[in-house]
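Asks: Attaching a single structure in structure tokens format; questions to follow.
The values are calculated or read from the model by the stated rules, or taken from the named source; none is laboratory data. Note that the coordinates shown come from a computational prediction; the quantities given were computed from them, not determined experimentally. For neighbour counting, all protein chains shown are included, and Cβ atoms are generated from backbone atoms with ideal geometry for every residue, glycine included. The area values use the complete protein model at the heavy-atom level, side chains included, leaving out ligands, DNA and RNA. Shrake-Rupley method; radii C 1.70, N 1.55, O 1.52, S 1.80 Å.
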Amino acid sequence: MGTLEERIAKSETHIFKAVFPSTTNHYDTLFGGTALQLMDEVSFICATRFSRKKVVTISTGQIDFKKAIPAGTLIELVAKVISVGTTSCKIHVDIFMEQMYSELRESVVSGTFSFVAVDENKKPVAILDHLA
């Protein structure tokens, strides 16, 4: 599939969501747990696209909530591989918030998620078989 840098670039993953009232708390902002679930999902997809192996979340790094995300906004989650180990990889995720009817866009949440590649017995395996 090419060099490590090419694999990393090709695995960058973007997901867009609209923030509807059903996903907000009593402050009319996105539940923090919902943001974490979406971040885990986009980072899982990124790790899978990078390795093309079965991967599981093994840890999260610090998650920074810089600004509340109100209902009626759009969010984009962007996941990128930032480091690669023998059996694992670390993914950085940013959530960007956009106003629906203006060009305003800002980074509002960021964090890291680590994944390990596993075999059918849930035992760690090499995250990459080889590079071309």
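Asks: Kindly indicate the residue of the range 109-127 that is open to solvent by 10 Å² or more (accessible area, probe 1.4 Å) and under 12 Å from the mean Cα position of the chain (by Cα) and also farthest from LEU38 (Cα to Cα) among those meeting that condition.
Replies: It comes out as SER114.
Asks: Taking the range 103-130 as the region of interest, how many residues are more than 17 Å from ILE58 (Cα to Cα), acidic (Asp, Glu) and modelled with pLDDT of 95 or more?
Replies: 1
Asks: Among the residues of the range 51-71, are any over 14 Å from GLU12 (Cα atoms), aromatic (Phe, Trp, Tyr), modelled with pLDDT of 95 or more and in contact with a strand residue (DSSP E or B) (Cβ under 8 Å, 6 or more places away or on another chain)?
Replies: Scanning the range 51-71 turns up at least one residue that is over 14 Å from GLU12 (Cα atoms), aromatic (Phe, Trp, Tyr), modelled with pLDDT of 95 or more and in contact with a strand residue (DSSP E or B) (Cβ under 8 Å, 6 or more places away or on another chain).
Asks: Name the single residue that is farthest from ASP94 (Cα to Cα) among those in the range 24-51 being surrounded by fewer than 18 Cβ atoms within 10 Å (Cβ to Cβ) and touching a helix residue (DSSP H, G or I) at 6+ places or on another chain (Cβ under 6 Å).
Replies: This residue is ARG49.
Asks: Just to be sure before I move on: is GLU106 open to solvent by less than 60 Å² (accessible area, probe 1.4 Å), in a strand (DSSP E or B) and farther than 19 Å from LYS10 by Cα in the structure I sent?
Replies: Against the criterion (open to solvent by less than 60 Å² (accessible area, probe 1.4 Å), in a strand (DSSP E or B) and farther than 19 Å from LYS10 by Cα), GLU106 qualifies.
Asks: Could I ask something else about it? Kindly indicate whether ILE45 is on the phi < 0 side of the Ramachandran plot and part of a strand (DSSP E or B).
Replies: no
Asks: If you check every pair at least six apart or on different chains, which have Cβ atoms under 6 Å apart with a residue in the range 74-103 that is buried (at least 17 other Cβ atoms within 10 Å of the Cβ) first and a residue that is of a type in the set (Phe, Trp, Tyr) and not in a loop (DSSP other than H, G, I, E, B) second?
Replies: VAL81/PHE50; CYS89/PHE115; ILE91/PHE113
Asks: Does the range 1-23 hold any residues that are over 30 Å from THR86 (Cα atoms), hydroxyl-bearing (Ser, Thr, Tyr) and loosely packed, with under 12 Cβ neighbours inside 10 Å, and which are they?
Replies: SER22
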